[in-house]
DNA sequence: GATTAGCACTCTGCTCGCGGGAGTGCTAAT
DNA sequence: ATTAGCACTCCCGCGAGCAGAGTGCTAATC
């Protein structure tokens, strides 16, 4: 709580009351309301004085003279960092999260999708999940399954248990033996390398070798090599975008549109979440703290999740700045934990 | 044009003018406007008389006394069926569609996604595409690729060229030989059967046989057999939902929310498009002609697409009832054609 | 007999002005 | 240091009034 010298205990309680109230009602809150609703044992006049101070030091703002106060960005920040108690997620909700993530899923993408759905439903805001990025894993095996004359299915097995498949047009007819050859060669060169370590250098090298070895495979090889490259801008799973239309701050369609457009762009959402993957624990970004334009009226709560203790992805919730932080933080935390568990169990068998 | 006895040529031209104008301006249109903007060679007074007739026979309605007229659902229907000329898609747009769909795509899902994107961008409404359903195809081959001790990747090759992969937890350790055995057996029984023909009856039969043959494979088999079943409620690719917020009829957030919620539900969108797959050519559904509640303010233009002349999927555009039908119909038509072409070339090599 | 000009009428949307209500800041009393 | 009291400010909702657009009807015109 360094660098907040103006904050004594009473100011803290008043800021808390104002923020809590505003989060619930979306209406600027006045001294009278506070005195009535939260019994702090002081009169409206005193509260008014404190409020004036809090406004002066930037924690509150006033939409117009003679309206109540609302928390400023700095106010929310202080609230999140030093005031709010992370609210327990109800046992009911906990069970639901557990149960719905636990259902036997055979495909990771379904699990991720489900996670986004739960998060959106329980938070009543928009939710998104960055699927596990396989760069954290280790190359285990590659299989080439012929599909028809000119098409091969590349199956990439990664440890822990991810599987990536790519359909590749070879442009040549390849015999079963030739495929086995290529697969064998690639396997011998790549086995047990971490995906992050398989740089373009090594790939180029391998390519040169194979070219020499059998130059007519060029096209096929090209395709296979390309399919090894992980695309970081992979899909993002979003859910509950429409929820934000329930928030009074987005009653104006043009504002809602700005945010919904942002959420519709995978790259934008990706860039919002990208550095959460390597964050410690839950991260809260309030309003314009995010550099992304169009986020100024929004806040984001996000957290990384892991497999076997290694962070592999992230998930988060986006809502108005006036967000129910204490609940959402707890929710994001617990969903991230559960997803980590389920994934870990699922992938390492 | 049977069953429209009240319609003479002049009424048709007036209905056309009103509909065109209303589609462009979203404002009820009055007799004066028509006389000025479309030179039909008749005076406002005459137009007023005709408009009264058109309202009487249900083609027009009046939001309130002394406002202009707007087309009713019946009016739009007549407009779409008998009046509008399908507007040529500009050469520029045609080239763009061709080019963007033509780019080497290796994965069908990417192609479908791209199709939805183009459709949304060019129509400026919401677009969706039902991916090709494999039931139309023929079982060609099944491969079982071991991923780790208890997991198998089932690769299902369908003719024409679709590939479906499913990750399956077997619950048992299976040797390479056992897998080869199962695959061989299933292949011998299923090869060249149409997927639609592989009913649960045949599957049960096969299962009994395999059970008998090697009963301890039960769990593994169960999973494999299940993965053969095609899920009709497969994913739907939607794009441009936010576009509808640009339409003045959805300036009211609650209306917008209703439609966006509908679009967010895959099943709902699926049910909208389901019977288009087997439709002839382009289909236009206006307002409450669709039974889906919440669609009353919307219209949908959709068309099937095919591979090798066999309909396999559908795509469509959803917008307000006041939709630019002539353009959208042309657009949907041409995108469907292009997708059919590209898919056919892509799948049959 | 169909078309049109003219006119009275209706309905919306906008602006304006006017309280009522909520909230503040200041001053003086406790 | 706290609080009661009071004057002041600003928003919001409401109704009146007015301009504009459009209609339907009637009577004149081609």
Ranked list, fewest to most other Cβ atoms within 10 Å of each Cβ, for A:322, B:117: B:117, A:322
Taking Cα atoms, the helix A:108-123 axis meets the longest principal axis of chain A at an angle in degrees (rounded to 10) of 10
at residue B:274 the sorted inter-copy label distances (label 7 Å from Cα on Cβ side), in nanometres, are 4.2
Relative to the first principal axis of the alpha-carbon coordinates of chain B, what is the inclination of helix B:176-190, with its axis defined by its Cα atoms, in degrees from 0 to 90 and to the nearest 10? 50
What residue among A:331, A:153, A:339 has the largest mean-square fluctuation in a Gaussian network model of chain A, using Cα springs under 10 Å? A:153
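Once the Cα gyration tensor of the range A:1-138 is found, what semi-axes does its equivalent ellipsoid get, as square roots of 5 times the eigenvalues, in whole Å, sorted largest first?
So the three semi-axes of the range A:1-138 are 41, 17, 14 Å.
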Selected from A:302, A:271, A:72 as most flexible by GNM, with chain A as the system and alpha-carbon contacts under 10 Å: A:271
Shortest-first nm distances, residue A:63 label point to equivalent points in other copies (7 Å, Cα→Cβ): 2.8
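Could you calculate the FRET efficiency of residue B:100 with residue A:26 from 1/(1 + (r/R0)^6), where r is the beta carbon distance between them and R0 is 35 Å, rounded to 0.05? Provide the component values of the computation, followed by the final result.
On the way: r = 43 Å, r/R0 = 1.23.
After rounding to 0.05, the efficiency reads 0.20.
Listing A:7, B:300, B:51 from the residue with the fewest other Cβ atoms within 10 Å to the one with the most, what is the order?
Numbers: A:7 18, B:300 27, B:51 24.
Ranking A:7, B:300, B:51 by Cβ neighbours within 10 Å, fewest first, gives A:7, B:51, B:300.
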Kirkwood Rh and Cα-based Rg: tell me the resulting Rg over Rh for the protein assembly as shown, rounded to two decimals. 1.03
Two decimals, Cα atoms only, Kirkwood Rh: what is Rg/Rh over chain B? 1.12
Taking 37 °C and 0.692 mPa s as the conditions, I'd like the Stokes-Einstein D for the range A:93-154 in µm²/s, using the Kirkwood hydrodynamic radius from alpha carbon pairs. 225
Choice from A:337, A:261, A:113 with maximal GNM fluctuation in chain A (Cα, 10 Å cutoff): A:261
Between 0 and 90°, nearest 10: helix B:9-25 axis offset from chain B longest Cα axis: 70
Say a label goes 7 Å from Cα toward Cβ at residue A:24 in every copy; what distances in nm does this one have to the rest, shortest first? 5.5
Can you name the chain B residue with its Cβ nearest the rotation axis from B to A, and give the distance in Å as a whole number? B:165, 3
222 nm [θ] for chain B, helices only, -39500 (n - 2.57) per DSSP H run of 4+, per residue, to 500? -14000 deg cm²/dmol
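Where does the range A:257-349 land on the Kirkwood hydrodynamic radius, alpha-carbon pairs, in angstrom? Provide the component values of the computation, followed by the final result.
Working: mean 1/r = 0.0729 Å⁻¹.
One over the average 1/r among Cα pairs gives 13.7 Å for the range A:257-349.
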A correct Kirkwood calculation over the Cα atoms of the range A:3-62 returns a hydrodynamic radius in Å of 11.5
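Rounded to the nearest 5, what % of DSSP beta bridges with both residues in the range A:250-349 are antiparallel? Present the calculation step by step, with values, prior to reporting the outcome.
Working: 14 of 14 bridges.
Antiparallel bridges make up about 100 percent of those DSSP assigns within the range A:250-349.
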The distance between the Cα centres of the range B:1-21 and the range B:264-306, in whole Å, is 26
Note: probe point = Cα of residue B:85 + 7 Å toward Cβ; backbone nitrogen < 20 Å; residues of the range B:26-69 passing the test are B:37-41
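FYI, it's all coordinate maths here, none of it is from the lab. This one's a predicted model, so the numbers in the text were calculated from it and none came from an experiment. Don't worry about glycine lacking a Cβ; one is built from the backbone with ideal geometry, like all the others, and counts go over all protein chains shown.
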